[in-house]
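Enquirer: Here it is: the structure, laid out below.
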Amino acid sequence: MAMLEVKNLSVSYGAIEAVKDVSFEVNEGEVVTLIGANGAGKTSILRTISGLVRPSSGSISYLGNEIQKVPARKIVADGLAQVPEGRHVFPGLTVMENLEMGAFLNKNKEENKANLKKIFARFPRLEERKNQDAATLSGGEQQMLAMGRALMSKPKLLLLDEPSMGLAPIFIQEIFDIVQDIQKQGTTVLLIEQNANKALSIADRGYVLETGKIVLSGTGQELLASEEVRKAYLGG
Ligand code: ATP
């Protein structure tokens, strides 16, 4: 059984059908990527999985249960965390306070402390800046903070919405290294990206979305080698 199974999912905003009959799955332990151009429907799919948008039809099953009608807070409590596009750290709160917000559902202080230690080991830059206002961090650091905050909830499945967007090349590589590291530590990842090259290089499997539909799927390596993907997304 797949950890996440999306079946015949459609999402509409009034007359706009943003997602059309999309089906895919994510197995435990995998990094799966959805790639596609601006407006292909990637964010709509993620927001529907995390319960922020309701589908017009189709089903989403997570750990064997259908969740398309379950409230978002309950989905998070069941171990599914999303890092939204554009990071959204809380300005006016320190780095530490932002991380603590990620653990608000877990009342076990010792566990949170141990988890925080792990997160600081993975993101040493966050520890150096733990007392700094989150708003003063650079874009790359804010992305790390948003990922660290999501990891504070010890998710089974992490949804990442374009983590490399708008970042300097040096941070982009670091972010993808971190995604691989998160997988190694046992968290399953669904990664949405416009940076097809990097995303496919680290993904076990991928799906290509065009105007709301899946047009291609395969292993990361297969898609990287595919002529269609090379032409459309990798510059020839
Ligand atoms: P991007 O990379 O730009 O975020 P995306 O692949 O994530 O693109 P979506 O954000 O899911 O794509 O958008 C898919 C389509 O749905 C687009 O045509 C977009 O304009 C439309 N759309 C998204 N959100 C809304 C909304 N709240 N109301 C109306 N239309 C929307």
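Enquirer: Could you calculate the FRET efficiency of Glu222 with Ser59 from 1/(1 + (r/R0)^6), where r is the beta carbon distance between them and R0 is 30 Å, rounded to 0.05? Don't jump to the answer; show the numbers that get you there.
Expert: Numbers: r = 27 Å, r/R0 = 0.90.
According to the calculation, E is roughly 0.65.
Enquirer: Another question, then. State the extension gain, in nm to one decimal, for the chain segment bounded by Met1 and Lys117, taking 0.36 nm per residue of separation less the distance between their alpha-carbons. Walk me through the numbers before you get to the answer.
Expert: Working: separation 116, 0.36 × 116 = 41.76 nm, distance 3.30 nm.
That works out to 38.5 nm of additional length.
Enquirer: Further question: Tell me, how many Å apart are the Cα centres for the range 119-143 and for the range 146-201?
Expert: Computed from Cα coordinates, the inter-centre distance equals 16 Å.
Enquirer: Just how many % of Cα pairs in the chain lie over 34 Å apart, if you round to the nearest whole percent? Before the final figure, lay out each step's value.
Expert: On the way: 3567 of 27730 pairs.
In whole percent, the share of Cα-Cα pairs in the chain beyond 34 Å is 13.
Enquirer: Give me the distance in nm between label points sitting 7 Å out from Cα along the Cα-to-Cβ direction at Thr211 and Ile16, one decimal.
Expert: Going by the 7 Å Cα→Cβ label model, 1.5 nm.
Enquirer: Measuring from label point to label point, each 7 Å out along Cα→Cβ, what is the Ala77 to Met101 span in nm?
Expert: 2.1
Enquirer: Then there is this: With +1 on each Lys and Arg Cβ and -1 on each Asp and Glu Cβ, and nothing else charged, work out how big the dipole of the range 17-139 is about its Cα centre, in Debye to the nearest 20. Numbers along the way, then the final one.
Expert: Values: 17 positive and 15 negative charges, 63 e Å.
Dipole size: approximately 300 debye.
Computed from the coordinates by the stated procedures, all read-outs in this text should not be read as laboratory data. None of these values were measured; they are calculated from a predicted model. Neighbour counts are summed over all protein chains in view; Cβ atoms, including those assigned to glycine, are modelled from backbone coordinates with ideal geometry.
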